[in-house]
Amino acid sequence: MTKDYYKVLGVEKNATKDDIKKAFRKLAGQHHPDRGGDEKKFKEVNEAYQILANDKKRAEYDTYGQTFSGATSGGPSGWDFSGFEGFSAEGGPASGWDLGDVFSDFFSGGAPFGRSSRTKRGADISIDLQISFADSIFGTERNVLITKNSTCATCNGSGARPGSELETCKRCSGRGKLRESRGTFFGNFTVETVCRDCSGRGKKPKDSCNTCGGAGIARKQEQIHIDIPAGIDNGEMIRMSGLGEAVSGGTQGDLYVKVHVNSHPTFKRQGTDIVMDLPVKLTDAILGATYDIETLDGKDTLKVPEGTPDGTVLKISGKGVPTARGKRGNLLVKVVIKMPSKISSKARDLISKLREEGI
């Protein structure tokens, strides 16, 4: 379930950046582990701040209820102390040191030795796709063109010029990672960072690819095939793993497709059912009749029973929305009796006789 980050920080949805920062500082100071606070609550507050303090992530969160550009970064276990400028462990102005500076210097680009650093991952991409009402019921396919960072087609991501050999990276001796000792307020720590020379691969091309310059990725237009399942609803998301942005020395992000369903002049969706109105003559409602109707599956017939009141809903089974169990909902037809605006004298006489009979 998506967290309500505004509720976590105790701010309104229209809160300004200053409001969000003030709320974060207050709660972070209250729950900070170094002050005997709840570490779990501190992480939750920090996570909310990371999303709401970033314009892009906040916009994605407000639109989709989640963000696609990655979670928190920059500190241990995803903590970010950027909101702690001028904050001290005692709760007053910092006395010669700053938690934000200490942790950003210590953890930027690496993780404490003994703790595995995260694999690099490309950014996620989100796109919008418009489809017809019928396509949302029966499913369809689409091909879209997206310009993004993709694996270089010339070198297949190796970064080497075709025919060139790979050699062990001299900087990291083939490990793909570097260990570095850093001094902080809390003492000396050894951190492990991804080698920038080889992007963590441990090997470098002897001769770099002319297309990507040795990065293994290149910006290009790529055609993506999207299978849209039957029964998809308006506003639903399709996640396509590994089709987002590529990153050197890491895995590709994901592609998220938000589906928008066009309205239909006749049909509307109601859960797993499809509903429609059927105009029926007054005499047919009284005496009964059979109507030819057009469904999404083609032509069908519907019997309007004798004495059908206005607003009656008649059902045609199996003509609705496909369900996860492989079945379909129903087509619900609402009878709308058409009242004549003018009637002849003969018709008036007949209706008067019906009134006399109590009909």
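If the viscosity is 0.692 mPa s and the temperature 37 °C, what translational diffusion coefficient in µm²/s does Stokes-Einstein give for region 268-356 when Rh comes from Kirkwood over Cα pairs?
Numbers: Rh = 14.7 Å.
Roughly 223 µm²/s, to the nearest whole number.
May I ask you to evaluate 6.51 cos²θ - 1.76 cosθ + 1.60, the Karplus curve with θ = phi - 60°, for each residue of region 255-267 and list the ³J(HN,Hα) values in order in whole Hz, giving x for glycine and proline?
In residue order, the calculated couplings are 10, 10, 10, 8, 9, 10, 9, 5, 6, 10, x, 10, 9 Hz.
Given points 7 Å out from each Cα along the Cα-Cβ axis, report the N262 to T193 separation in nanometres with one decimal.
5.3 nm
Could you work out the relative contact order of region 125-261? I mean the mean sequence separation of Cα pairs under 8 Å and 6+ apart, divided by the number of residues, in percent.
Working: 296 pairs, mean separation 52.6, N = 137.
Once normalised by length, the contact order is 38 percent.
Under 26 Å from the Cα of K206, which lysines turn up, not counting those fewer than eight places away in the same chain?
Cross-link targets: K120, K170, K177, K220.
Please provide three numbers in whole Å: the alpha-carbon extents of region 179-265 along the principal axes, with the largest listed first.
69, 43, 15 Å, listed from the longest principal axis down.
Between region 280-359 and region 219-269, how many Å separate their Cα centres?
If you average the Cα positions of each part, the centres end up 40 Å apart.
If each residue of separation counts as 0.36 nm, what is the full-extension length gain between T168 and K303 once their alpha-carbon separation is subtracted?
Numbers: separation 135, 0.36 × 135 = 48.60 nm, distance 7.89 nm.
Extra length available between T168 and K303 comes to 40.7 nm.
Read-outs throughout are calculated quantities, based only on the coordinates presented, and are distinct from any laboratory measurement. Just so it is clear, the structure is predicted and the values come from calculations on it, not from any experiment. Counting neighbours? That spans all protein chains shown, and the Cβs are built from the backbone with ideal geometry, glycine included.
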